[in-house]
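Every read-out reported here was derived from the displayed coordinates using simple, explicitly stated rules and does not represent laboratory data. From a predicted model like this one, the values you see are computed outputs, not experimental measurements. Neighbour counts are summed over all protein chains in view; Cβ atoms, including those assigned to glycine, are modelled from backbone coordinates with ideal geometry.
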Amino acid sequence: MGYNAAFLIRMTEQIQQQTVPNAVASLVLGISSLVLGCFIVGLVLGIIGLVLGNKAQKIYYATPELYTGEGMFKAGRITSIIGIVFGAISTVGGLIASIVAGGSLFFLPDLLENFM
């Protein structure tokens, strides 16, 4: 039944540690940017998640002994970056499709008459 002192010290240190501020928010926004990656929504959520993830990283690396949750802000940053890329691709693709569709109607008046 004897616990050694080093084990008890480690247990009390783990109890006192908190999750890094903004780590959970970064992860949630990163995942949301992947799920809602359509056009501007995924792009905006990804950017906000990346900013919060960077803040969490600075806080964690300044005093790592006080915090846990390093994996959460790292995963949040990664998913946010992927969400930004998908959001940017879908936004650019949507703009190109709109320009092509609008341009084809502008240059081909016969197509416009068929739709009306």
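A few comments on the model shown:
- All-pairs alpha carbon distance profile, segment 5-88, 10 Å steps from 0, percent: 23, 39, 22, 11, 5, 0
- Summed residue charge, Cβ within 12 Å of residue 52's Cβ, Lys/Arg positive, Asp/Glu negative: +3
- Residue 97/residue 54 FRET efficiency (R0 41 Å; Cβ-Cβ; nearest 0.05): 0.80
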